[in-house]
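Shown next, in structure tokens, is the structure this report addresses.
The values are calculated or read from the model by the stated rules, or taken from the named source; none is laboratory data. All figures in this text were calculated on a predicted structure; none of them were measured in a lab. Neighbour counts run over all protein chains shown; Cβ positions are idealised from the backbone, glycine included. Accessible surface areas use protein heavy atoms only, side chains included; no ligands, DNA or RNA. Shrake-Rupley method; radii C 1.70, N 1.55, O 1.52, S 1.80 Å.
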Amino acid sequence: MPSNTNSSFIGFGAGLRVPHYAEVLQGKVKAIDWFEAISENFLGLKETPQGRPLDVLLKVRENFPIVLHGVSLSIGSTDELNRTYLTSLKSLYDKVQPAWVSDHLCWTGVHGHNLHDLLPLPYTMETVEHVSSRIQKVQDFLGRQLTIENVSSYLSYKQSAMTEWEFLSEIHRRTDCGLLLDVNNVYVSSHNHHFDPKEYIRGVPRKAITQMHLAGHSSAEALLIDTHDAPVCDEVWELYGYALKTVGPINTLVEWDGNIPSLERLEEEVSHARNIARDTIGITEGFYRSERTATPS
Amino acid sequence: MELLKVFTDPKGPRHLLENKEIDLSFVEDQKGASSIERVSVYSDAYFLRLKEILENDFELTRLVLGDALFLDLIVDYLKTHHPYRPNAQWVGGHLSEFVGQSSWAKKKLLSALVDFDWMLTEVTFETYLENRAAAKLPLLSPEFFSEATFVPDSSAKFLRCSAELEDLWLGRHNKIENPSSTLTESDKPWLLVRRGEDGRIIFYRLSDAERRFWLELAQSKALLSVCEILEEDEEASLAVAQLGSWIQMGLIKDIQHSSLS
């Protein structure tokens, strides 16, 4: 099977969410290898890592690898990079020591107005240059690689001159950033913009892929909406299997942010991802033992 | 700037386009959904996301004003106070100031109510739910207490437990003898019991002070006079701090305030 040497394999994870805090701290997790934490949720109301949520995260970190996943970097915006936010993120990074740090390939606001959404970018060389420059600055500031995620989108721009996967590939080439391949987002965007999702998977640089996301979505008449409030659908599971065969074993995370299920139900989704990996590319317990990074001390 | 206006103007993209206030010619025409439908996904999500956050963070205010008036308030607020921080939870941080400086200031004591809600949000966010009761919240002005009454769920009943629940269970399973003898009379917990919407019986453990607080509220007394019955300021502060939780749990069914309706 093809190998990805860009990151260590830490297995199959889930988003760390408030309704599950107690069970995770009580050691009731059975099928989750690592957790992804939304960075902004641990910065307190005043963007300084503090408070009880951070206490919980640090306790979870004693037993599980953690990945920090942000939603406010706005790497594609024309506003200056938010230095206060980056400083807080670096501080959070120093406390948590995550396996990697990620955010989204999008803009979230402009002229100081944060829309708290992941808005698509036009796929042009001008945008590539702009985004690549900002990614380099962030990587230099943090002192480590940034991993960026493809977003679901509901509109595209007439001025776009390349495909999304060509856009991603060019940005990676210029910055050596990691890629978080959200398989559900590829599926949703392929439906909304009528392209072949498998062509997308084949078109991204496999060695750049640090992680994959899986999630549920909803239907709103002609469009699919990335709502993260439902189980992963069969078509996305199928695309995930295709992605594994194409790029090799990749750290995989199940996102479920709305209508949050019980921990047991969430673990069923994570186990399903693990079973697909076993059945399609033969990831076994033996692979885990040899490839997983050591649990943090 | 065009997209910013399209996504955030409360009039909505359809109205803006019909009135030629925006131009969507930069959006690619694609089959399946029109340009308006595509931008509406983002504009609807923007408003709904912020509405949900503000509804969660200003539970008391919404209960007092009612849904329609609360919606008017947040639409007005968001016209001049757009979110700007990375953490979306901060979006309500200036609502009290806005109320005090706008035409909403005519609604007597609305600013104090909004302040109270925001205090609960800050306490919840910073110290996590389990520690909320331990936070000492200052009492609001006597004026607020003299006018607001809280209406608890009238179907809830009280039980006095002869022993701690854990000891009753242990006694039932023969693991300890005489579980009722483990507590003094004043330590025996009160349980507030009600039937939930799904038919389940739900128990809430209340301290003696919280029970007295509840019973006084149930007699439609104003909050200040209820707090005066509690002998210790700390007890009163903790009981007032519980109001937010009780509203979220559905134990407080209504708040009546003549000058805010």
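Quick one: would you say B:ARG14 is assigned to a helix (DSSP H, G or I), within 12 Å of chain A (Cβ to nearest Cβ), among the basic types (Lys, Arg) and over 19 Å from B:SER111 (Cβ atoms)?
No; evaluated as a whole, the condition is false for this residue.
So A:GLN136 clears everything in (1) in contact (Cβ under 8 Å) with a residue 40 or more places away in the chain; (2) away from chain B (no Cβ under 14 Å); (3) under 21 Å from A:LEU68 (Cα atoms) except one condition, right? Which one?
Looking at each condition in turn, A:GLN136 falls short on (1).
Look through A:ILE135, A:ILE148 and report the one residue that is under 27 Å from A:LEU54 (Cα atoms) and touching a helix residue (DSSP H, G or I) at 6+ places or on another chain (Cβ under 6 Å).
A:ILE135
If you scan region A:10-21, which residues turn out to be open to solvent by 10 Å² or more (accessible area, probe 1.4 Å) and either β-branched (Val, Ile, Thr) or over 16 Å from A:ARG61 (Cβ atoms) (or both)?
Scanning region A:10-21 gives A:VAL18, A:PRO19.
Return the total of residues in region A:86-114 being open to solvent by less than 40 Å² (accessible area, probe 1.4 Å), more than 14 Å from B:PRO86 (Cβ to Cβ) and either of a type in the set (S, T, N, Q) or within 11 Å of chain B (Cβ to nearest Cβ) (or both).
2
Which fully enclosed helices (runs of 4 or more DSSP H) of region B:52-139 have 1 or more residues being at pLDDT 90 or above, touching a Gly at 6+ places or on another chain (Cβ under 9 Å) and of a type outside the set (A, V, I, L, M, F, W, C)?
Fully inside region B:52-139 and qualifying: B:67-80.
Limited to region A:142-184, what total is found for residues that are within 14 Å of chain B (Cβ to nearest Cβ), of a type in the set (S, T, N, Q) and either more than 18 Å from A:HIS130 (Cα to Cα) or open to solvent by less than 10 Å² (accessible area, probe 1.4 Å) (or both)?
Adding up the residues that qualify gives 3.
Results for (1) within 30 Å of B:SER35 (Cβ to Cβ); (2) touching a Pro at 6+ places or on another chain (Cβ under 9 Å), shown as yes or no for each residue.
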position	(1), (2)
A:TYR200	yes, no
A:ARG206	no, yes
A:MET212	no, no
A:TYR242	no, yes
A:PRO261	no, yes
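Quick check on my filter: what residues within region A:109-155 are part of a strand (DSSP E or B) and of a type in the set (Gly, Ala, Ser)?
Selection gives A:GLY109 alone.
Any residue at all in region A:57-79 that's of a type in the set (Val, Ile, Thr), open to solvent by 60 Å² or more (accessible area, probe 1.4 Å) and touching a strand residue (DSSP E or B) at 6+ places or on another chain (Cβ under 8 Å)?
Scanning region A:57-79 turns up at least one residue that is of a type in the set (Val, Ile, Thr), open to solvent by 60 Å² or more (accessible area, probe 1.4 Å) and touching a strand residue (DSSP E or B) at 6+ places or on another chain (Cβ under 8 Å).
Looking for something under 20 Å from the mean Cα position of the chain (by Cα) and farther than 19 Å from B:VAL39 by Cβ - is there at least one such residue anywhere in region A:106-124?
No; the residues of region A:106-124 include none that is under 20 Å from the mean Cα position of the chain (by Cα) and farther than 19 Å from B:VAL39 by Cβ.
Quick one: what pairs do we get from region A:221-242, first residue within 14 Å of chain B (Cβ to nearest Cβ), second charged (D, E, K, R), C-beta under 7 Å, 6+ apart or different chains?
What qualifies is A:HIS228/A:GLU255; A:HIS228/A:ASP257; A:ASP229/A:ASP257.
In region B:63-79, is there at least one residue being in contact with a strand residue (DSSP E or B) (Cβ under 7 Å, 6 or more places away or on another chain), surrounded by fewer than 21 Cβ atoms within 10 Å (Cβ to Cβ) and either among the acidic types (Asp, Glu) or without any contact (Cβ under 8 Å) to a residue 12 or more places away in the chain (or both)?
Looking through region B:63-79, none of the residues is in contact with a strand residue (DSSP E or B) (Cβ under 7 Å, 6 or more places away or on another chain), surrounded by fewer than 21 Cβ atoms within 10 Å (Cβ to Cβ) and either among the acidic types (Asp, Glu) or without any contact (Cβ under 8 Å) to a residue 12 or more places away in the chain (or both).
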